[in-house]
Structures are given as C-alpha cells and as structure tokens.
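**Q** Right, I'll just put the structure down here and ask away after.
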Amino acid sequence: MPQQWVQEQTDTDLEIQRLLKQSSQLPRHIAIIMDGNGRWAQERGLPRYEGHREGINSVRDIVKASATLGIQYLTLYAFSMENWKRPKQEISVLMELLQYYLKVETPELKANNVRLQAIGKLNALPKRVYRQLLRSINETADNTGLTLTLALSYSGRWDLVRAMQLIALDIRRGKLSPEDITEELVSSYLLTADLPDPDLVIRTSGEMRLSNFLLWETAYSEIYITHKYWPDFRRNDLYQALVDYLRRERRFGLTSEQIRQQRQQFDNVEYLLRHDES
Ligand code: FPP
C-alpha cells in the first residue's frame, strides 16, 4: 500500500475509495487518452504549453488515486508518434515537462511502490529524456504496487507492424511456423505483452476516437468519454468514470438483494462526489 499517499487522503476520499473497493469489480487495467491540454490553455488565453503543465498535476493526482485504490495497471497516452508533427517548440516543452516529471516524481513513485514502464519508439526521444526514463524505470523496477506505463512516441499500428515483422523473422529462423500464429501469440509479440488488456479506456475532452492507442489490446475494453479537458480531470472524475464502468458490468448469478446493495453503494459514491465538489 502506498502509505504516504494514503495519509494525504481526505476522509471523504477514503470513504469513496472504500465504497468503490467493496464492489470487488474494479478494473485491473485503466488506460487513459489525456486530451484537451491545448484547448484548456487557449480558453484561458494562455499558451498551449500551460495546458501541458497543468496536465502534469492531473497525471500526479490520477496516479496517486489509482495506486491507493489498488488498481494494478494504469497506462497513460503521453505522446503519440503523430505528436512529432507538432511545432518544434511545443515538442520541446513537452519533452522538458516529461523529463521534469520523471526526475521529480521518481522518488515518490519509489516510496509508494509504483513500478514505471514505457511503451513506444523510445529511442526517438531526446537522449537526456531517454536516459532519465531508463533511470526511473530501473529505480522502480522492484516495486510491486501499481504498474504505471507511459506510452511515449507510441502508435498502435506501429507496434502491430513491429510484432508482425518479429513473427516473420522467427518463422524465417525456423522458431515458429505459420500455424503457431494465434491471438495469444500476437499479444506476446506486442510491447504490451506483460500487461493485461485494458478493462476501461478513458478519453478526456469529448473526442470519440482511439487515436491509434492500444488498437489490438482494446478489442473488448469499455470506453468512457468525458467532456472535461485533461488538466481539469482529477480523482473525483476518475471515481465517476469507475461508477459508470461498474454500473455497466452485468452481474450474473447475484441475488436481487446483492444487486440492490451494489446500487446503493454507487448512489452513495455519487452523493459524496456531488458534496465534495460543492
Ligand atoms: C493532448 O492535449 C495531450 C498531449 C499531447 C500530451 C499529454 C502530456 C501531458 C499531460 C504532460 C506530460 C506527461 C506526463 C506523463 C508527465 P492536446 O495538446 O492534444 O490538446 P488539444 O486537443 O486541446 O490541442
């Protein structure tokens, strides 16, 4: 348990988490498309990078809330391969922010049992960011709590193509035959081989797209879209997404009394969320 982060929680927050945990159906893996940083800034008459800067505070809060809730895997789409087409200045601010986050946050991740990983074409990152990323990954490698995976210079199609090339190479080397190719085998060649498929994908800022994120892995994921921009998305918004997800789950084999109790718990969470915001 991330002791330090648990101690920082308010009583209401602890109570919401207690109620959510009671459902025992929380997603194992949550994947998030963090969108809307630019619009958040522009609507405030600020340069776009201010949206990315504030977005880091959302990253911190969502990582902490996920860890204390006992979520096992959290994957964040932090920089897509397509994002390299953005203006040089914006890319350089994003890289600065990423390096800063990793440097400042690694001791906290370490202390709170979070294991950091990354997926994507990582060697495309600037050298200093890449080195810091490897340091942070190494320093948290033995942690056993939340696995936080950053998708960086990532593209779902690129990962699938990469996997197909590796499979073809193994066939040429005689290690595999075409009949060995199954869904499980394809999954095992992807960069996400060690992660379970996401149970829940959250996208902020209202767009209804996957944007090349975990294309293979999200085949059966539930999708939750909120109109909030990423810099405004904090732990209470995550809880709302979880209530929505839990309500969608069909409970085969439960008695009507058990279903009634669950409904009551979700109503209680929403009541606390409404009061926490007012
Ligand atoms: C999308 O907003 C967001 C990104 C491209 C980057 C997300 C990065 C961060 C939150 C900061 C660094 C990340 C970590 C993990 C420390 P957008 O710019 O596409 O917004 P827009 O659609 O409104 O233009």
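**Q** In the stretch 48-68, which residue that is charged (D, E, K, R) and within 9 Å of the ligand (Cβ to nearest atom) is farthest from residue 14 (Cα to Cα)?
**A** Step by step, filter the stretch 48-68, then rank; the result is 48.
**Q** Determine whether the stretch 27-47 contains at least one residue that is surrounded by fewer than 20 Cβ atoms within 10 Å (Cβ to Cβ), away from the ligand (no atom under 16 Å from the Cβ) and at pLDDT 95 or above.
**A** Yes, the stretch 27-47 contains at least one residue that is surrounded by fewer than 20 Cβ atoms within 10 Å (Cβ to Cβ), away from the ligand (no atom under 16 Å from the Cβ) and at pLDDT 95 or above.
**Q** Another question, then. Select from the stretch 218-250 the residues that are part of a loop (DSSP other than H, G, I, E, B) and touching a residue at least 40 places away in the same chain (Cβ under 8 Å) and write down the one among them that is farthest from residue 56 (Cα to Cα).
**A** Quick first cut of the stretch 218-250, residues part of a loop (DSSP other than H, G, I, E, B) only: 218-221, 226-229, 233-234, 249-250.
Subset that is touching a residue at least 40 places away in the same chain (Cβ under 8 Å): 218, 221, 228-229, 233-234, 249.
Working: 218: 25, 221: 25, 228: 15, 229: 13, 233: 11, 234: 11, 249: 31 Å.
Filtering the stretch 218-250 for residues that are part of a loop (DSSP other than H, G, I, E, B) and touching a residue at least 40 places away in the same chain (Cβ under 8 Å), the one farthest from residue 56 (Cα to Cα) comes out as 249.
**Q** Here's something else I'd like to know. Given the conditions (1) out of contact with any strand residue (DSSP E or B) (no Cβ under 6 Å at 6 or more places or on another chain); (2) within 14 Å of the ligand (Cβ to nearest atom), report the number of the one that residue 187 does not fulfil.
**A** Of the numbered conditions (1) out of contact with any strand residue (DSSP E or B) (no Cβ under 6 Å at 6 or more places or on another chain); (2) within 14 Å of the ligand (Cβ to nearest atom), the odd one out for residue 187 is (2).
**Q** Then there is this: Suppose we keep only residues that are free of Cβ contacts under 8 Å to residues at least 40 places away in the same chain and hydroxyl-bearing (Ser, Thr, Tyr) within the stretch 128-155. Which one would you say is nearest to the ligand (Cβ to nearest atom)?
**A** The qualifying residue nearest to the ligand (Cβ to nearest atom) is 136.
**Q** Conditions first: (1) hydrophobic (A, V, I, L, M, F, W, C); (2) more than 7 Å from the ligand (Cβ to nearest atom); (3) within 21 Å of residue 225 (Cα to Cα); (4) in contact with a helix residue (DSSP H, G or I) (Cβ under 8 Å, 6 or more places away or on another chain). Residue 71 passes all but one, so which condition is the exception?
**A** (4)
**Q** Determine if the stretch 67-86 includes at least one residue that is closer than 30 Å to residue 264 by Cβ and acidic (Asp, Glu).
**A** Checking the stretch 67-86: not a single residue is closer than 30 Å to residue 264 by Cβ and acidic (Asp, Glu).
**Q** When you look at residue 78, is it closer than 17 Å to residue 116 by Cβ and more than 11 Å from the ligand (Cβ to nearest atom), yes or no? Quick ask: steps written out before the conclusion?
**A** Values: closer than 17 Å to residue 116 by Cβ: yes; more than 11 Å from the ligand (Cβ to nearest atom): no.
The answer is no for residue 78.
**Q** Then there is this: I'd like the full set of residues that are modelled with pLDDT under 95, in contact with a helix residue (DSSP H, G or I) (Cβ under 9 Å, 6 or more places away or on another chain) and not in a helix (DSSP H, G or I), limited to the stretch 8-26.
**A** 23, 25 - these are the residues of the stretch 8-26 that are modelled with pLDDT under 95, in contact with a helix residue (DSSP H, G or I) (Cβ under 9 Å, 6 or more places away or on another chain) and not in a helix (DSSP H, G or I).
**Q** Right, something else. For residue 262, indicate whether it is in contact with a Lys or Arg (Cβ under 8 Å, 6 or more places away or on another chain) and either on the phi > 0 side of the Ramachandran plot or not acidic (Asp, Glu) (or both).
**A** So residue 262 passes the test.
**Q** Of 99, 117, which residue is modelled with pLDDT of 95 or more and under 15 Å from residue 145 (Cβ atoms)?
**A** None of the other options fit; the residue is 117.
**Q** Can you pull out every residue in the stretch 102-120 that is within 12 Å of the ligand (Cβ to nearest atom) and surrounded by fewer than 18 Cβ atoms within 10 Å (Cβ to Cβ)?
**A** 103, 104
**Q** Do we find a residue being surrounded by fewer than 20 Cβ atoms within 10 Å (Cβ to Cβ) and in contact with a Phe, Trp or Tyr (Cβ under 6 Å, 6 or more places away or on another chain) anywhere in the stretch 221-230?
**A** For the stretch 221-230, residues surrounded by fewer than 20 Cβ atoms within 10 Å (Cβ to Cβ) and in contact with a Phe, Trp or Tyr (Cβ under 6 Å, 6 or more places away or on another chain): present.
The values are calculated or read from the model by the stated rules, or taken from the named source; none is laboratory data. Quick caveat, the model's predicted, so the values are computed rather than measured. So basically every Cβ, Gly included, is an ideal-geometry build from the backbone, and we count neighbours across all protein chains shown.
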